[in-house]
1. Quick check on segment 214-226. Is at least one of its residues in contact (Cβ under 8 Å) with a residue 40 or more places away in the chain, under 15 Å from the mean Cα position of the chain (by Cα), crowded, with 18+ Cβ neighbours inside 10 Å and assigned to a helix (DSSP H, G or I)?
2. Which pairs turn up if I take residues in segment 19-34 that are more than 22 Å from PHE59 (Cβ to Cβ) and look for partners that are surrounded by 12 or more Cβ atoms within 10 Å (Cβ to Cβ) with beta carbon separation below 8 Å, at least 6 apart in sequence or on another chain?
3. In segment 89-105, which residues are outside any helix (DSSP H, G or I) and surrounded by 20 or more Cβ atoms within 10 Å (Cβ to Cβ)?
4. Pick out the one residue from ILE108, ILE122, ILE153 that is open to solvent by less than 60 Å² (accessible area, probe 1.4 Å) and outside any helix (DSSP H, G or I).
5. Can you tell me which residue within segment 192-201, out of those that are surrounded by fewer than 22 Cβ atoms within 10 Å (Cβ to Cβ) and in a helix (DSSP H, G or I), is farthest from the chain's Cα centre (by Cα)?
6. Evaluate the following for ALA133: is it in contact (Cβ under 8 Å) with a residue 60 or more places away in the chain and not basic (Lys, Arg)?
7. Tell me the residue from VAL52, VAL84, VAL100 that is over 30 Å from LEU136 (Cβ atoms) and β-branched (Val, Ile, Thr), please.
8. Filter segment 47-88 down to the residues that are open to solvent by 70 Å² or more (accessible area, probe 1.4 Å), closer than 18 Å to ASP15 by Cβ and modelled with pLDDT of 80 or more, then identify the one that is farthest from the chain's Cα centre (by Cα).
Amino acid sequence: MIRFRQPKSLQPILDSLRDLAPIILVVAAFQLLVIRQPLPNLFDLLLGILFVAIGLSLFVKGLEMGLFPIGQSMAQSFARKGSVLWLLLFAFALGFGTTVAEPALIAIADEASRIAASGNLIPQSTDAMQRYALGLRYTVALSVGLAIVLGVIRILKGWPIHWLIISGYACIIVITEFAPREIIGIAYDSGGVTTSTITVPLVTALGVGLASSIKGRNPMIDGFGLIAFASLTPIMFVMVYGMVVH
């Protein structure tokens, strides 16, 4: 009996298609059973799904080969060097740089500037919209940079994460009462878009690598949690940004 062995190079693509299968089934079921219309441009849709699967598999492979190792190795190098100042500067630069380059943040900042201009919250000019979007991006990036610094200090000091998270969200509730209504939704969304494709792998690798290098720290307990701070601080900073701008 002849057995066909699939090439190993196709396995990541097949894994991506398996991960995408629930989304594809849900969309197809609602399109055919609820809307009851055939899928438009079926060939283009199938080709697009294939491209997404290839891109997703390449992205995951890139994380395994590049971003995760470099984040862990740099965190371990700073820990062995014993320079807290350089470690904190690296943490801030990592959080700020990855957030500024985050595609999801760029998209939501541009959309927020258009909505703000159409609602007469800012002048309806290209320069005003660009300044608003850029200010929003830099505000979120600054908040994420400071959040990563706070997370690194927590790992170094061994502080319990739940008290910091509870205190942070208590501050958010208070600030929400005073923030302009137009900025509240954008602020809460900004906390979500920061935890996306670029920020999460590097920040997670930083936390795990740092916790692995410090005696008495557990990578499972202390290495994770930086992303929680990166989701929390943008909400506060963007609402304060809205108070100043609006």
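1. yes
2. Matching pairs, first to second residue: ALA28/LEU39; GLN31/LEU39; LEU32/LEU39.
3. So the first thing to find is which residues in segment 89-105 are outside any helix (DSSP H, G or I), and the list is 101-102.
Passing the criteria: only GLU102.
4. Details: ILE108 fails: outside any helix (DSSP H, G or I); ILE153 fails: outside any helix (DSSP H, G or I).
ILE122 is the lone residue from the list that is open to solvent by less than 60 Å² (accessible area, probe 1.4 Å) and outside any helix (DSSP H, G or I).
5. PRO201
6. Against the criterion (in contact (Cβ under 8 Å) with a residue 60 or more places away in the chain and not basic (Lys, Arg)), ALA133 does not qualify.
7. Answer to the selection: VAL84.
8. That would be LEU50.
The values are calculated or read from the model by the stated rules, or taken from the named source; none is laboratory data. Everything numeric in this text was worked out from a predicted model, so none of it was measured. Cβ atoms come from the backbone with ideal geometry, glycine included; neighbour counts cover every protein chain shown. Side chains included, ligands, DNA and RNA excluded: accessible areas come from the protein's heavy atoms. Shrake-Rupley method; radii C 1.70, N 1.55, O 1.52, S 1.80 Å.
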